[in-house]
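The values are calculated or read from the model by the stated rules, or taken from the named source; none is laboratory data. Since the model is a prediction, treat every value here as computed from it, not as a measurement. Note that each Cβ is placed from the backbone with ideal geometry, even for glycine, and that neighbours are counted across all protein chains shown. Heavy atoms of the whole protein, side chains included, go into the accessibility calculation; ligands, DNA and RNA do not. Shrake-Rupley method; radii C 1.70, N 1.55, O 1.52, S 1.80 Å.
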Amino acid sequence: MRHYIGVSSQGPRVLRNVFKDITGEPLLLVDESAAIRCQVNFSDWLESGETISSASATAEGCTLSTSTASPNVTLTISAVTNTSGGSITLVVTASSGEIWRGIIRVRRTNRYGAELRFRDYV
């Protein structure tokens, strides 16, 4: 998995190909027409013998689908609408009833904007 977030009892701790927003929350940068998958791993958050009993996510500023295979939640993110950003609110419930809630920021990159503005790019 190219994009990875590892969650512990202290919150998101391990980030691979994921930035950290100025708010401290994970930030995913998505190209305009891209669809990416991000795996959120809760193995360090879950107690021994616990599993994820449910996971739900709501998206603002992007299209989102989720799948769960304990201890992982996989987010598929596409159609990020603007460069100022959106967010995903992820709520995970453990088999013990404990609930984890977190926000993941998403922002569309405008990778080719400079080439369109400045014609001296080759």
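Things to note:
- Relative contact order for the chain, counting Cα pairs under 8 Å that sit 6 or more residues apart, in percent: 25 percent
- Within a Gaussian network of the chain (alpha carbon springs, distance under 10 Å), most fluctuating of Glu60, Glu32, Glu98: Glu98
- Solvent exposure, largest accessible area first (probe 1.4 Å, DNA, RNA and ligands not counted), of Val92, Val14: Val14, Val92
- Reported label for calculated semi-axes √(5λ) of the Cα gyration tensor in Å given [x] 31, 13, 12; [y] 29, 16, 12; [z] 26, 18, 12: [x]
- Taking chymotrypsin sites (Phe, Trp or Tyr not before Pro) in DSSP loop conformation with at most 14 other Cβ atoms inside 10 Å as exposed sites, the chain has its longest uninterrupted site-free stretch at 1-111.
- Given +1 at the Cβ of Lys and Arg, -1 at the Cβ of Asp and Glu and no other charges, the dipole of the chain around its Cα centre is 380 debye to the nearest 20.
- The simple Förster model, with R0 at 22 Å and r as the Cβ-Cβ distance, assigns Thr51 and Thr89 a FRET efficiency of 0.55.
- Helix-only CD estimate at 222 nm, as mean residue ellipticity for the chain, using -39500 (n - 2.57) per DSSP H run (n ≥ 4): -1000 deg cm²/dmol
- Förster radius 22 Å - calculated FRET efficiency between Gln10 and Asn72, Cβ distance, rounded to 0.05: 0.70
- Fully extending the segment from Phe19 to Arg101, taken as 0.36 nm per residue of separation minus the present Cα-Cα distance, adds 27.6 nm.
- When exposed loop sites are taken as trypsin sites (Lys or Arg not before Pro) in a DSSP loop with at most 15 other Cβ atoms within 10 Å, the longest stretch of the chain clear of them is 3-110.
- Selection from Thr68, Leu28, Ile52, by position along the positive dipole direction of the chain (Cβ): Leu28
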